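Here is the structure we will look at, set down as C-alpha cells.
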Amino acid sequence: MEAIADNVSSLLRETSLFSAWPEALLDSLLKQSKKVNLGSGDILFVEKATANAFYLVLSGRIHLIAAAATGQEKIVEIIQKNDLFAEAVAFLGGRYPVTAAAEGSTTVLEIPLALFLEILEQRPQLMRQMLARLSMRLHFLVKELRQLSVESAEQRLVSYLLDLCPALDAAAVVELPAKKSAVAARLGLTPETLSRLLARLRKAGLITVNRRVLDIPDPRALQCWAAGHST
C-alpha cells in the first residue's frame with residue numbers, strides 16, 4: 001500500500017462530494033484508502049463485479065467502458081486527473097455498471113465503499129450532498145443521450161470541443177483528453193469519421209490541429225457552423 005500524500009485531502013475537498021467534509025472526518029476515510037498504480041490497458045474493475053470501492057484519479061486517465069447489445073464495447077466516459085468516479089455504486093446495488101481501464105500509466109486513490117456508506121448513514125447532510133451530485137450526473141447523461149440520438153456527427157463533435165473550451169467568447173487552445181480513437185468511440189463515431197470531421201473543420205478555418213492539441217480561434221463561430229450542418 002502506497003502512502004497517501006497530504007495534498008490528496010485537498011484534492012478530495014475540491015470535489016463537490018467532499019467539499020463540506022470536516023478535515024478530521026476526511027482524514028479517517030483516507031487512512032483506510034490506498035493508491036493503486038495501473039499500466040496502460042490495465043483493468044481496475046469489470047462491469048457487474050461487486051463494488052467495494054470508488055476512486056479519485058491522481059494521474060493519467062481512466063476509460064469507462066460499457067458492452068453494447070451487439071457485443072461491442074463503447075467508451076462512455078473518459079475520467080481525467082482529479083475526477084472522482086464509481087461513487088454512484090452506493091445507490092446501484094453495489095455492482096459496477098461499467099468496466100474501468102487505464103489509458104497509459106495511471107494512479108488512482110481507492111476509497112473503501114463500506115466506510116464511506118457508514119459515514120453517510122451517520123450524517124444525513126452528506127447523503128443529501130451526494131444526491132445533489134448524482135442529480136447533476138443525471139443531467140449530464142440526459143444531455144449525452146440527446147447528443148448520441150438526435151444530433152448529427154458534426155454537432156456531437158463540436159459540442160464536445162466546446163465543452164473543453166474555458167469560454168465561448170475567447171479563442172481557446174484545448175487538448176483532447178485521450179487518443180483520437182478513444183474520443184471517436186466516446187462520441188459514437190469511427191476513427192475515420194472523426195478524422196474526416198476534423199479535416200472539414202480545419203478546411204473551414206474553424207480549428208487548427210497539432211496531434212491532440214486544437215486551436216479554436218472563435219468558439220462562437222464553431223458553434224454557429226455546427227448548427228447549420230448535418231451528416
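The values are calculated or read from the model by the stated rules, or taken from the named source; none is laboratory data. Everything numeric in this text was worked out from a predicted model, so none of it was measured. A quick note on method: Cβ atoms are made from the backbone with ideal geometry, for glycine too, and the neighbour counts reach across all protein chains shown. To get the accessible areas, we keep the full protein, side chains included, count just its heavy atoms, and leave off ligands, DNA and RNA. Shrake-Rupley method; radii C 1.70, N 1.55, O 1.52, S 1.80 Å.
Among the residues of the stretch 188-209, those that are outside any helix (DSSP H, G or I) and either basic (Lys, Arg) or modelled with pLDDT of 90 or more (or both) comprise Ala204, Gly205, Leu206, Ile207, Thr208, Val209. Show the residue pairs that are 6+ apart or on different chains and have beta-carbon atoms under 6 Å apart, the first residue being within the stretch 53-82 and on the phi > 0 side of the Ramachandran plot, the second being open to solvent by 20 Å² or more (accessible area, probe 1.4 Å). Cβ pairs passing all conditions: Gly60/Gly104; Gly60/Ser105; Asn82/Leu11. Residues in the stretch 209-228 that are among the basic types (Lys, Arg) and touching a residue at least 12 places away in the same chain (Cβ under 8 Å): Arg212, Arg220.
Quick check: is even one residue across the stretch 9-20 more than 20 Å from Ala101 (Cα to Cα), at pLDDT 85 or above, loosely packed, with under 13 Cβ neighbours inside 10 Å and small (Gly, Ala, Ser)? Within the stretch 9-20, one or more residues are more than 20 Å from Ala101 (Cα to Cα), at pLDDT 85 or above, loosely packed, with under 13 Cβ neighbours inside 10 Å and small (Gly, Ala, Ser). The set of residues in the stretch 149-190 being touching a strand residue (DSSP E or B) at 6+ places or on another chain (Cβ under 6 Å) and of a type in the set (Gly, Ala, Ser) consists of Ala172, Ala178, Ala182, Ala185. Of everything listed in (1) within 20 Å of Lys180 (Cα to Cα); (2) touching a Ser or Thr at 6+ places or on another chain (Cβ under 9 Å); (3) of a type outside the set (A, V, I, L, M, F, W, C); (4) outside any strand (DSSP E or B), the single unmet condition for Gly41 is (2).
Pro191 meets all of the listed conditions (1) farther than 18 Å from Ile78 by Cα; (2) without any contact (Cβ under 8 Å) to a residue 12 or more places away in the chain; (3) of a type outside the set (Ser, Thr, Tyr) but one, namely (1). When we screen Leu138, Leu162, Leu148, Leu131 for residues that are among the aliphatic types (A, V, I, L, M), under 21 Å from the mean Cα position of the chain (by Cα) and at pLDDT 90 or above, the only hit is Leu162. Residues in the stretch 167-208 that are of a type in the set (Lys, Arg) and within 22 Å of Cys224 (Cα to Cα) were compared, and the one that is nearest to the chain's Cα centre (by Cα) is Arg196. Residues in the stretch 64-117 that are more than 12 Å from the chain's Cα centre (by Cα), of a type in the set (Phe, Trp, Tyr) and modelled with pLDDT of 85 or more: how many? Final tally of qualifying residues: 2. Checking each residue in the stretch 176-197 for being out of contact with any helix residue (DSSP H, G or I) (no Cβ under 8 Å at 6 or more places or on another chain) and either under 24 Å from Ser40 (Cβ atoms) or open to solvent by less than 70 Å² (accessible area, probe 1.4 Å) (or both) picks out Lys179, Ala182, Ala185, Glu192.
Candidates Leu30, Leu44: the one that is in contact with a helix residue (DSSP H, G or I) (Cβ under 8 Å, 6 or more places away or on another chain), at pLDDT 85 or above, surrounded by 10 or more Cβ atoms within 10 Å (Cβ to Cβ) and over 22 Å from Ala132 (Cα atoms) is Leu30. In the stretch 97-118, the residues that are among the hydroxyl-bearing types (Ser, Thr, Tyr) never reach a residue that is at pLDDT below 90 and surrounded by fewer than 21 Cβ atoms within 10 Å (Cβ to Cβ) with C-beta atoms less than 6 angstrom apart, at least six apart or across chains.
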